[in-house]
1. Based on this model, can you work out whether Ser63 counts as in a loop (DSSP other than H, G, I, E, B), surrounded by 21 or more Cβ atoms within 10 Å (Cβ to Cβ) and not aliphatic (A, V, I, L, M)?
2. Restricting attention to the stretch 419-438, which residues are under 11 Å from Pro182 (Cβ atoms) and surrounded by 15 or more Cβ atoms within 10 Å (Cβ to Cβ)?
3. For the stretch 352-377, name all the residues that are at pLDDT below 85 and closer than 22 Å to Ser158 by Cβ.
4. Any idea which residue in the stretch 46-58 is surrounded by the fewest Cβ atoms within 10 Å (Cβ to Cβ), counting only those that are closer than 16 Å to Thr301 by Cα and in contact with a Leu (Cβ under 7 Å, 6 or more places away or on another chain)?
5. List the helices (runs of 4 or more DSSP H) inside the stretch 137-234, counting only whole elements, that have at least 3 residues being of a type in the set (A, V, I, L, M) and in contact with a Gly (Cβ under 9 Å, 6 or more places away or on another chain).
6. Which ones in the stretch 246-258 are over 22 Å from the mean Cα position of the chain (by Cα) and either in contact (Cβ under 8 Å) with a residue 40 or more places away in the chain or not in a helix (DSSP H, G or I) (or both)?
7. Considering only the stretch 384-438, state which residues are within 19 Å of the chain's Cα centre (by Cα) and of a type in the set (Phe, Trp, Tyr).
8. Using the structure shown, decide if Val382 is at pLDDT below 85, outside any helix (DSSP H, G or I) and aliphatic (A, V, I, L, M).
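The values are calculated or read from the model by the stated rules, or taken from the named source; none is laboratory data. What you see is a predicted model, and the numbers here were worked out from it, not measured in a lab. So basically every Cβ, Gly included, is an ideal-geometry build from the backbone, and we count neighbours across all protein chains shown.
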Amino acid sequence: MSPGHAGAVVLVATILLLFSGVPVAFGLGAISIIFLLIFQGLDAMRVVAETFWGGLDEFTLVSIPMFIMMGAAIGSSPAGKDLYEALDRWLYRLPGGLAISNLGACAIFAALTGSSPACCAAIGRMGIPEMRRRGYPDDVATGSICAGGTLGILIPPSVTLILYGIATETSIGRLFIAGVLPGLLLTGLFMLWTIFIVWKRGFRTHAPDFRYTWKQKFGSIPKIAPFIAIIVGVMWVLYGGVATPSEAAGVGAALCAVMAVIIYRMWTVESWWAILRDTMRESVMILMIIAAAVLFGYMLTSLYLTQTLAQAIADMDVNRWVLMGIINVFLLVCGFFIPPAAIILMTSPILLPIITAAGFDPVWFGIILTINMEVGLIHPPVGLNIYIVNSIAPDVPVTKVMWGTIPYVLCMFLAIVILSVFPEIATWLPDRLMGPGH
């Protein structure tokens, strides 16, 4: 069987298995072992365990559970509620001020947790009921939270960018810095659309003469300031070359845990059990996917499938932007069905030689890829954030939630176009702080 035919069989089998609901790690591992057995026989089993272990034998991976623990410590505390209330007191006079506050809270909470589901759930539990209580349209209330939650995988620290950095051997510190301005750009686009649609519908959340006092505004800041300071400190030591990502993540997780105890009195066994349980569950899931994806990549390479695909794309006599458009469509389609971690680990090693040969910056492409993954988080059939929001507001039909996300999906497409026209938005800050990339 030719590599092309073998690749088609592997693709169909992988999609069918992942559609069946099998956990991603087990699905990728099973596909890898089955096709190695079919094409190479029992001798191929000698390297399975070694390859699986090799996928986890990387010190940088320590940063993943540390950043997840940082997010769990903050997510289990009332920090999200305090952050939300603080922003509402400062932004309430804008059209749709409460929705804008939610998006701002999502952006900041994304920097605190690095997790899209955690961001969506933490802000959504407070924001959606409050917006609906004040009369916001259901599509705006749910769609804005779905979209804001996706910022968790773009604004650093981001587990998604860590995975991309590991898979492509790209500087994680440079990727983190590159995510800052695009993250702010996307947040701004979300806010602009929300202001426009609320203004167009003539909706107000407060009476015209309603005012928060300056004392109320500043009184909301002290509880959240220490967490913001921790994140700024972690980013500073990471970008300044003082610490590695793993060291910075470890210190950040420890400080967030201490702050949760000091500020919110979270010293009960139940509170810490929830934090450690959530950290362990998500960390093991991601690390298992990483190891299985490495084995999957080994299988593809051993059967010359990746080389054949890369060569086929490289042989396409098309403009490099047409090539990038094809890659974006491919990533979007993948994102509709497969979780971001699996897509990044499976496709990045294949796509990296192609995009670098076409003259694209790997750091810039990491941001483009991540935004594509964000689209998948609020687009069916997987659309994880849609179902998180639906669980928060079960009386809102899923179809209405989906329609509410469409304008924000278009904002993401616009962000990709803007970044394609002005790639410096992603590359200028890393080059400025860390020197030109190599």
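1. no
2. Leu419, Pro423, Ile425, Ala426, Thr427, Leu429
3. Matches in the stretch 352-377: Gly376, Leu377.
4. Among those that are closer than 16 Å to Thr301 by Cα and in contact with a Leu (Cβ under 7 Å, 6 or more places away or on another chain), it is Val48.
5. Qualifying helices (runs of 4 or more DSSP H): 138-150, 159-168, 172-178, 180-200.
6. Once the filter is applied, which keeps residues that are over 22 Å from the mean Cα position of the chain (by Cα) and either in contact (Cβ under 8 Å) with a residue 40 or more places away in the chain or not in a helix (DSSP H, G or I) (or both), the stretch 246-258 yields only Ala257.
7. Result: Tyr387, Tyr408, Phe413.
8. On the way: at pLDDT below 85: yes; outside any helix (DSSP H, G or I): yes; aliphatic (A, V, I, L, M): yes.
Yes, satisfied.
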